[in-house]
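Read-outs throughout are calculated quantities, based only on the coordinates presented, and are distinct from any laboratory measurement. Here the structure is a predicted model, which means the values were calculated and not measured. We place every Cβ from the backbone using ideal geometry, glycine too, and count neighbours over all the protein chains shown.
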Amino acid sequence: MADGGFYLRFRGVRGSIAAPGPDTARYGGNTPCLEVRCGPHLLIVDAGTGLRAFGDELLKEQPLDADILLTHTHYDHIVGLPFFAPAYQGCNRFTLWEGHLGPDMPLEEALREFMSAPLFPVPLNIIESNLRFSKFQAGDTLTPRPGVTVRTAPLNHPNNATGYRIEYGGRSLCIITDTEHPAEGRDPRVLALVRGADVMIYDATYTDEEYGRRIGWGHSTWQEALRLADAAGVGQVYLFHHDPGRSDGDLDAIGAAAAARRPGTLVAVEGSTVTLI
């Protein structure tokens, strides 16, 4: 892509836990990781297992100065970070952003516990010099790079989470994952964040039929993704954070039903690209 482009590549699309195998090979089994290019700037949203292979590719682009926006710090969204090869190279710098932990919990403290014995053999301090930590409050507007605006909103998820709206070159991309919609109506904070967005990536872990048995688990449905998109005037919708039990055949069926209800809707596929500019 040319430096003036704005695009997204799905590096991991599965939720909760990685689900590799023949039944998930077409859509992918890695947990959330999104590569976002805003001209010359690299933003990475979430650090799930998809970050590992992506990191190996990024070694060809060193030195790197990039941003990692975390929706939250549940394992499926950070488990790739200890295996992110560029973080171990002294020529690279990464700014990690989070807005969900609150003022009393630094991100580095959470990661230090995650990367400590007996959970993990390599401590955070091995890579800490290559990381910068930036805390914000969900609802803030960020300007991580020149020409890049990131609006944020809190999401309804256990231990909190953050939704992102990335704006560049007059176009907008919303990433809304790990959020539970209200039983009635739309979440007003999410509705405001995604209003008029060109592309929305949305947590479609469940179906409406499954949702009633999983209230309080912190996830949404593909049907709610379409209701939200219609209410907010969103352009294209990508269904994301697939349940680890969904086979490729299951996702084919969901994709067909969603596209029939709202033409142009797609199921996120690991490795696929969405071009905004």
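One table, with the values for the structure above:
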| item | result |
| --- | --- |
| Under-5 Å amide H pairs with Arg132, H placed in peptide plane, nonlocal only | Phe94, Thr95, Leu96 |
| Segment 29-98: C-alpha pair distances exceeding 16 Å, % | 40 percent |
| Principal semi-axes in Å for segment 153-277 [√(5λ), Cα gyration tensor, largest first] | 20, 18, 13 |
| Value of [θ]222 nm, deg cm²/dmol, for the chain, DSSP H segments ≥ 4, -39500 (n - 2.57) each, nearest 500 | -5500 deg cm²/dmol |
| Summed residue charge, Cβ within 10 Å of Glu35's Cβ, Lys/Arg positive, Asp/Glu negative | +2 |
| Size of charge dipole - segment 144-277 - debye, nearest 20, with Cβ of Lys, Arg +1 and Asp, Glu -1, no other charges | 580 debye |
| Fewest-first sequence of Val234, Val13, Val79 by Cβ atoms within 10 Å of each Cβ | Val79, Val234, Val13 |
| Percent of beta bridges antiparallel (DSSP, the chain, rounded to nearest 5) | 55 percent |
| Per-residue ³J(HN,Hα) for segment 143-148, Karplus 6.51 cos²θ - 1.76 cosθ + 1.60, θ = phi - 60°, Hz, x for Gly and Pro | 10, x, 9, x, x, 10 |
| Scaled radius of gyration (Cα, divided by 2.2 N^0.38 Å) that segment 6-275 gives | 0.95 |
| For Arg14, residues with placed amide H under 5 Å, excluding near neighbours | Asn30, Thr31, His242 |
